[in-house]
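Below is one structure, written out as structure tokens; comments come after it.
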Amino acid sequence: GAGVSQSPSNKVTEKGKDVELRCDPISGHTALYWYRQSLGQGLEFLIYFQGNSAPDKSGLPSDRFSAERTGGSVSTLTIQRTQQEDSAVYLCASRRTILTGELFFGEGSRLTVL
Amino acid sequence: QKEVEQNSGPLSVPEGAIASLNCTYSDRGSQSFFWYRQYSGKSPELIMSIYSNGDKEDGRFTAQLNKASQYVSLLIRDSQPSDSATYLCAVKGGGGADGLTFGKGTHLIIQP
């Protein structure tokens, strides 16, 4: 597609439920990144993919968070047993390769955990 | 741990004036620097990238880089109300295979 596409744009869930957030990167971009932005905070790195592999999972805040990428394209970020502190905007970004510096962001998925 | 520091603001500038946004970074080896603009409720949008010491101009925007002082700035000339947003400074590195490390952003308000 022309840009990075994320869904859902908004998700309200109850504490303890699982949620899945989806990202479809720019066509041809091999590197995909997930960030989290809490209210009034900067962007927090979560995980990145080069192709289908995730060499760096160091940013995932807990083992309730996981992510996968299939076919070198679409990625899914899963949060199990959601907590109120998980409420944030989850941003996906892609770039052509890990060598090119410019990241292009999707519009984000706003998660609210009640 | 790479760090990127910005004054959170708000920075208030009258319409038509020059807005000056500043950023410092901790890793002396950093080579690539970016400015993103983020409107409220929207995702970050790339404005400029800069890789070499000196100035880089693009329309009303000028990015300035001083690697010796570990300092990056963004100047916005002839500021418009539509420039009101949060400006994020980002440095390549620290976020997985040289992903970007972001500052918390400076909130800029252009007063009509």
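A short reminder: the numbers here are calculations on the coordinates, not readings from a lab. What you see is a predicted model; the values in this text were computed from it and never measured. So basically every Cβ, Gly included, is an ideal-geometry build from the backbone, and we count neighbours across all protein chains shown.
Points to keep in mind about this one:
- For segment B:1-110, the Stokes-Einstein estimate of translational diffusion at 37 °C and a viscosity of 0.692 mPa s comes to 237 µm²/s, using the Kirkwood hydrodynamic radius over alpha-carbon pairs.
- Positive-end extreme of charge dipole, segment A:1-58 - chosen from A:I47, A:W34, A:V12 (charges on Cβ): A:V12
- For the residues of A:31-40, the average number of beta carbons from a partner chain within 10 Å of their own beta carbon is 3.
- Dipole in debye (nearest 20) - chain A, about Cα centre, beta carbon charges: Lys, Arg +1; Asp, Glu -1: 60 debye
- Dipole moment magnitude, nearest 20 debye, the protein assembly as shown about Cα centre, only Lys, Arg, Asp, Glu C-beta charged: 240 debye
- Our summary gives chain A a relative contact order of 37 percent, counting only alpha carbon pairs under 8 angstrom and 6 or more residues apart.
- Calculated on the alpha-carbon coordinates, the convex hull of the protein assembly as shown measures out at 120 cubic angstrom per residue.
- Here the protein assembly as shown carries DSSP beta bridges of which approximately 90% are antiparallel, counting only pairs with both residues inside.
- Here is the list for segment B:1-58: GluC sites (Glu not before Pro) lying in DSSP coil, each with at most 16 other C-beta atoms within 10 angstrom of its C-beta, are B:E3, B:E15.
- Most fluctuating residue given options A:L60, A:L43, A:L77, as computed from a GNM of chain A linking Cα atoms under 10 Å: A:L43
- Selected from A:V89, A:L77, A:L103, residue furthest toward positive end of dipole (segment A:65-106; charges at beta carbon): A:L103
- Positive-end residue of B:S30, B:A63, B:I110, charge dipole of segment B:19-112 with Cβ unit charges: B:S30
- For the peptide B:30-38, the mean number of other protein chain Cβ atoms found within 10 angstrom of a residue's Cβ is 2.
- All Cα-Cα distances of chain A, cut into 10 Å bins from zero to the largest, leave 15, 51, 29, 5 percent in each bin in turn.
- With a 10 Å cut-off around each Cβ of A:41-54, the average count of Cβ atoms from other chains is 4.
- Taken about its Cα centre, segment B:1-92 carries a charge dipole of roughly 240 debye when the Cβ of each Lys and Arg holds +1 and the Cβ of each Asp and Glu holds -1.
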